[in-house]
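Read through the structure below, which is laid out as structure tokens, and then see the notes.
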Amino acid sequence: MNALVVGKGGREHALVWKLAQSPRIDKLYVAPGNPGMADLAELVDIRVDTPVSERDKLSAEIDRLVAFAKERNIGLTVIGPDDALAGGIVDRFRANGLKAFGPTAAAAQLESSKAFAKELMERIGVPTARHHSFTDADAACKYITAQGAPIVVKASGLAAGKGAVVCHKLDDALATAREMLEDDAFGSAGSEIVVEDYMVGEEASLFALCDGEHYVTLVPAQDHKAIYEGDQGPNTGGMGAYAPAPVMTPALVQEAEAHIIQPVLAEMRRIGTPYQGVLYCGLMFTDEGPKVVEFNARFGDPECQILMPLLKNDLVEVLEAACDGQLDQIQIENYPQAAVCVVMASQGYPGSYDKGLPISGLDDASAREGIVVFHAGTTRRDGAVYTDGGRVLCITATGADIDAAVANAYAAVDEISFANAYCRRDIAHRALNRGR
Ligand code: GLY
């Protein structure tokens, strides 16, 4: 079959890399993709990365992609980014008789509206932090003052992974609420905010692939959202990840399935928006058991870059089964290994940074045993590769265990250089310290 991946980052490179291994694939396309994928798939110059707030522009981009998919007889489309999902890309593909893996816009509200997700969880008793939603800054500040710090203030809409602010001081929480609601710090994504209790525990992610009724789960993973070592500083899209995350024991996975995934899928069916796609459960492992921090409606980035190398199954078969309501026929198998991904970023990210800096050492790093270099923000000119984003590369390593994978990943990182490259040197520190 011909297949299409939508997106341009490290997550999509990992999806393309995995799909390209399937004997079912005749021709693979990626729109728009990046230079790292060019050997595996044909890059298509159609972008659907306009924010969902610019509905008409995003809609026109989706129209172009639907026309392309029809013309090229695409049998399966896999959607990477959240804005495209929230903008209804899956609805439009399906309306045109095209198979697309991902939730409809209504179902993707589990990510695109934190208020929707919190209300759904509260209604059916899914464990999560107590919350209130606000559109008025004075009301929000009155509530925050009554609660005190620490407290969490979140933009309800899509904010590129940066919309959740953990405030340890009351003044910071009040300022954050006003910045979101009055100063448009996150644009329309922050026109509604969710204020919730601060949860104490270790955070990890469980990814369920869902077909509306059935689901399968992948290896539990943990990512590092903060820019600095020790998980300090502002949140980024993610600076590294590893799996399996030892904090999520098989018993806790079962608990999360029974108390979170199954009731959420049942409720989504009951309200007429069956959930098909990736249900990314961001969980906090508290003394009272796993609680939901947030849901996302897509693969994590960079978590996808570690989950794909660990997955034994043919991804085409798994995703097709999800689209066809047949995930009960699929048994997920993983390689008995660990995987670690280290993001090499441009100095300054998640703030401003330079682009267009030449990258060297990619071939040497990629030639190492157990290493895949996924491109996130790169561009190619005259045969050379240059930086083109905040997160530039995701160096993924597999190994017999987390220690081996970490050592392997940093050995590959050290082969690669570009001016002002920045990476965290403590990826997987919780797993490593737990072992010791
Ligand atoms: N790694 C965080 C995210 O994908 O949202």
Please specify each residue of the range 406-428 satisfying the condition of being assigned to a helix (DSSP H, G or I), among the small types (G, A, S) and touching a residue at least 12 places away in the same chain (Cβ under 8 Å).
-> A409, A411, A412
By residue number, the members of the range 228-241 that are open to solvent by less than 10 Å² (accessible area, probe 1.4 Å), at pLDDT 95 or above and either more than 12 Å from the ligand (Cβ to nearest atom) or not in a strand (DSSP E or B) (or both) are M239
Using the structure shown, decide if A173 is open to solvent by less than 50 Å² (accessible area, probe 1.4 Å), closer than 30 Å to E333 by Cβ and either more than 16 Å from the ligand (Cβ to nearest atom) or hydrophobic (A, V, I, L, M, F, W, C) (or both).
-> no
Keeping to the range 91-130, report how many residues are without any contact (Cβ under 8 Å) to a residue 60 or more places away in the chain, assigned to a helix (DSSP H, G or I) and farther than 21 Å from G157 by Cβ.
-> 3
Listed residues G201, G187, G148; which is under 27 Å from C304 (Cα atoms), surrounded by fewer than 22 Cβ atoms within 10 Å (Cβ to Cβ), away from the ligand (no atom under 14 Å from the Cβ) and small (G, A, S)?
-> G201
Of the residues in the range 301-321, those that are more than 16 Å from the ligand (Cβ to nearest atom), among the charged types (D, E, K, R) and in contact (Cβ under 8 Å) with a residue 40 or more places away in the chain come to D314, E317, E320
Check on A251, over 18 Å from the mean Cα position of the chain (by Cα), surrounded by fewer than 20 Cβ atoms within 10 Å (Cβ to Cβ) and either within 16 Å of the ligand (Cβ to nearest atom) or not in a strand (DSSP E or B) (or both) = yes
The range 318-346, residues that are open to solvent by 40 Å² or more (accessible area, probe 1.4 Å), closer than 26 Å to G399 by Cα and of a type outside the set (S, T, Y) | Q331, E333, N334, P336, Q337
What about L4, is it open to solvent by less than 20 Å² (accessible area, probe 1.4 Å) and either more than 16 Å from the ligand (Cβ to nearest atom) or of a type in the set (A, V, I, L, M, F, W, C) (or both)?
-> yes
Name every residue in the range 259-300 that is in contact with a Leu (Cβ under 6 Å, 6 or more places away or on another chain), away from the ligand (no atom under 16 Å from the Cβ) and either closer than 17 Å to S205 by Cα or open to solvent by 40 Å² or more (accessible area, probe 1.4 Å) (or both), in order of residue number.
-> P290
Across (1) polar (S, T, N, Q); (2) surrounded by fewer than 24 Cβ atoms within 10 Å (Cβ to Cβ); (3) not in a strand (DSSP E or B), S133 clears everything bar (3)
Quick check, is Y349 more than 16 Å from the ligand (Cβ to nearest atom), at negative phi and surrounded by fewer than 22 Cβ atoms within 10 Å (Cβ to Cβ)?
-> no
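The values are calculated or read from the model by the stated rules, or taken from the named source; none is laboratory data. From a predicted model like this one, the values you see are computed outputs, not experimental measurements. Note that we place each Cβ from the backbone using ideal geometry, even for glycine, and neighbour counts take in every protein chain shown. Remember, those area values only see protein heavy atoms, side chains included, never the ligands or the DNA or RNA. Shrake-Rupley method; radii C 1.70, N 1.55, O 1.52, S 1.80 Å.
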